[in-house]
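A short worksheet on the structure shown next.
Read the figures in this text as sums done on the coordinates, not as results from a lab. Just so we're clear, the structure is a prediction, and the values are computed from it rather than from any experiment. Positions of Cβ are backbone-derived with ideal geometry, glycine not excepted, and every protein chain shown enters the neighbour counts.
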There are 2 protein chains.
Amino acid sequence: MKSLNSDNCALCSSQKYPIIWANDLFRIVLINDQNYRGYCRVDLINHVKEMTDLSDLKRQEFMRIVFIVEASLRTNLMPEKINLATLGNITPHLHWHIIPRYKLDNHFPESIWSNPKRSEKKELLESETLILIEYIQKKLNN
Amino acid sequence: MKSLNSDNCALCSSQKYPIIWANDLFRIVLINDQNYRGYCRVDLINHVKEMTDLSDLKRQEFMRIVFIVEASLRTNLMPEKINLATLGNITPHLHWHIIPRYKLDNHFPESIWSNPKRSEKKELLESETLILIEYIQKKLNN
């Protein structure tokens, strides 16, 4: 079910990234900038602009999923730090970035939106990706 | 009570920004880059690195306060968008940025960590600041 203002919304139209888990309200996608190995996004499926537009229950469930992804990334990939952000200035459709940061990633210790300090490629291996996806799916399906 | 690794932590040492509300666990400060009028930060008082290091209850309470600040900023300042982020790569002590964004702020629609597009000063008036602080305090003390 799409809401008002969902026309021309990048998150309402076709999916750019592989969906690794979804239910009726939320989906988790694996962002393909795997310089930040394990970088995931949790989207609200419906087109809603701000967290405080949601009911308390939906907001709590959204955050619960975000933190399950955070915990899964920490367990599987042991990043230096987790960055969480919901910005949406360009795409005002709620989505959370869960970004594992590593000491040698291209922006560390700055935010991933600042000017890069390095330009290395340290992608997640396919085998690591599969293990991560399965781990997240198990955590959410339990 | 400070935890391990809190030495040399900018958030454990003296406060740079005015505290507009606090209890034993959390404090809200008003960031003085008021190009983003109403920009607040919610800090955990204790030195903890990641949200998933907290108990479920503390994490939920932390987010409840973040969303009360978000709602207060929306009601009082009607920003174009709210940006929420917890990064902490340089200061790994949990703190949430609650950033009201405006169409003519210096980075819109990019993140505030990207290169600025403008260099205007549109500060929150002192009268607006006092109203906002009182509003947030009321919401949290109820």
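At a glance:
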{"item": "Ascending list, in nanometres, of distances separating the B:GLN137 label from those of the other copies (7 Å, Cα toward Cβ)", "result": "5.3"}
{"item": "Tail weight of P(r) past 27 Å, computed on alpha-carbon pairs of chain A, percent", "result": "21 percent"}
{"item": "Region B:100-133: GluC sites (Glu not before Pro) in DSSP loop, at most 14 other beta carbons within 10 Å", "result": "B:GLU120, B:GLU123"}
{"item": "Number of partner chain Cβ atoms within 10 Å, mean per residue of A:85-93", "result": "6"}
{"item": "Cys with no candidate disulfide partner in chain A (beta-carbon separation under 4.7 Å rule)", "result": "A:CYS40"}
{"item": "Computed Kirkwood radius, in angstrom, where 1/r is averaged over Cα pairs of region A:27-92", "result": "13.1 Å"}
{"item": "Under the Karplus curve 6.51 cos²θ - 1.76 cosθ + 1.60, θ = phi - 60°, whole-Hz ³J(HN,Hα) for region A:112-129, x wherever Gly or Pro sits", "result": "6, 9, 8, 5, x, 9, 9, 9, 8, 10, 10, 6, 5, 5, 4, 5, 5, 4"}
{"item": "Radius ratio Rg over Rh of the protein assembly as shown, counting only Cα atoms, Kirkwood formula for Rh", "result": "0.94"}
{"item": "Cut-off under 5 Å, modelled amide H: who pairs with A:CYS40 long-range", "result": "A:ILE31, A:ILE98"}
{"item": "Exam field: B:LYS121 pseudo-label spacings to other copies (7 Å along Cα-Cβ), nanometres", "result": "4.6"}
{"item": "Cα gyration tensor shape for region B:88-137, rounded if a/c is under 1.5, else prolate or oblate", "result": "oblate"}
{"item": "Net +/- balance of residues flanking B:GLU123 in space, Cβ distance below 11 Å, scoring K and R +1, D and E -1", "result": "-1"}
{"item": "Proximal lysine pairs, region A:25-136, alpha carbons under 19 Å, eight or more residues apart or interchain", "result": "8"}
{"item": "C-alpha center-to-center spacing [region A:82-142, region A:43-74] in angstrom", "result": "16 Å"}
{"item": "Nearest-ten-degree value, helix A:56-77 long axis tilted from longest Cα axis of chain A", "result": "20 degrees"}
{"item": "Cβ-defined net charge surrounding A:TYR17, 12 Å radius [Lys, Arg +1; Asp, Glu -1]", "result": "+1"}
{"item": "Cβ-vector label at 7 Å, A:ASN23, separations to other copies in nm", "result": "2.7"}
